[in-house]
Amino acid sequence: MNGARRAAIGALPGALPRWVLIPALLGAAVILVPVVAMLARVPWPRVPELLLSEGSLAALALSLQTSAVSTLLVLLLGVPIALVLARRTFPGQRVARTLVLLPLVLPPVVGGLALLFTFGRQGLLGAQLELLGIRIAFTTVAVVLAQVFVSLPFLVVGLEAGLRSAGTDLERTAATLGARPGTVLRRVTLPLAVPSIAAGALLAFARALGEFGATLTFAGSLQGVTRTLPLEIYLQREIDPDAALALSAVLIGVALAVLLATAGSLRRGS
């Protein structure tokens, strides 16, 4: 009887065979063990001293500033994109969604090259901007553009999924009662999407903070101008490994804080 009861419980929706835990634990170990191994090598007593060096402070400040600006741009651009993809049907919609998500699968260096051939001195738009005295490549603006390029899909993916899961019943009801599209957007759609927007913005910020390849290719590594925290870590890896470890610990801490805040935001919205 007990065996039959256990078999019935195992057949319930959501129940899993025990053997699934083995590859699950192995997969978790692939992620966690390297992180733990690195954190074990961090010279914790020297961390404050290492973080207060001129190069570290400049890189940290630049990363926080550019990541904040790029996150604002991602919100301004990504929210409308997600709204269109989730609430409109138009020819070529799948192609449009694929193109928006392309930076997720592109190597960051390729993204940096694409930006360079667009906004560089001889680029598609950069040559015209150069005539106006506007230079983008290898400036702080280039850092922001690189971060926007790689982090925009994170907001779009999360927000579109949130909008689709929320459904359109409330929006249809508001429209039936005479609300205009702009009113429905402000009073119904966006308030419902706030948790998804917040979660997407946090993920975009974290991705921007950790961006390396596109930034190095498109913006270079000039201290105080384009050398962000990941670039400083890469530089310090050969010069002062302890400093690189300390800065890496900071990035891990920020990433964990962002993930916890994202989980909390989604939990409040569910």
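Annotation note: Cβ proximity below 6 Å between a residue of the range 78-106 that is under 9 Å from GLU160 (Cβ atoms) and a residue that is in a helix (DSSP H, G or I) and not hydrophobic (A, V, I, L, M, F, W, C) (sequence gap 6+ or interchain) occurs for ALA82/GLU160; LEU85/ARG97; LEU85/GLU160; ALA86/GLU160; ALA86/ARG164. Under the condition of being assigned to a helix (DSSP H, G or I), small (Gly, Ala, Ser) and free of Cβ contacts under 8 Å to residues at least 40 places away in the same chain, the residues counted in the range 146-170 number 3. Please verify whether THR173 is more than 14 Å from the chain's Cα centre (by Cα) and either surrounded by 15 or more Cβ atoms within 10 Å (Cβ to Cβ) or not in a helix (DSSP H, G or I) (or both), treating the condition exactly as stated. No. In summary, ARG121 fulfils each of the numbered conditions (1) part of a helix (DSSP H, G or I); (2) over 20 Å from SER67 (Cα atoms); (3) without any contact (Cβ under 8 Å) to a residue 24 or more places away in the chain with the single exception of condition (1). Pairs linking a residue in the range 37-61 that is closer than 16 Å to ARG227 by Cα to a residue that is in a loop (DSSP other than H, G, I, E, B) and β-branched (Val, Ile, Thr), with Cβ atoms under 8 Å and 6 or more positions apart or on different chains, are ALA59/THR228. Kindly indicate whether any position in the range 201-208 is buried (at least 24 other Cβ atoms within 10 Å of the Cβ) and among the basic types (Lys, Arg). Checking the range 201-208: at least one residue is buried (at least 24 other Cβ atoms within 10 Å of the Cβ) and among the basic types (Lys, Arg). Of all residues in the range 197-216, those that are within 17 Å of ALA257 (Cα to Cα) and among the hydroxyl-bearing types (Ser, Thr, Tyr) total 0.
Under the condition of being surrounded by fewer than 17 Cβ atoms within 10 Å (Cβ to Cβ) and of a type outside the set (Ser, Thr, Tyr), the residues counted in the range 107-119 number 4. Counting only helices (runs of 4 or more DSSP H) wholly contained in the range 182-270, the ones carrying 2 or more residues that are modelled with pLDDT under 95 and of a type in the set (A, V, I, L, M, F, W, C) occupy 190-209, 229-239, 241-269. Candidates in the range 178-189 are the residues that are closer than 19 Å to ARG164 by Cβ and in contact (Cβ under 8 Å) with a residue 12 or more places away in the chain; of these, the one that is surrounded by the fewest Cβ atoms within 10 Å (Cβ to Cβ) is LEU185.
The values are calculated or read from the model by the stated rules, or taken from the named source; none is laboratory data. In this text the structure is predicted, and so the values were computed from the model without any measurement. Ideal geometry is used to build each Cβ from the backbone, glycine not excepted, and the neighbour counts take in all protein chains shown.
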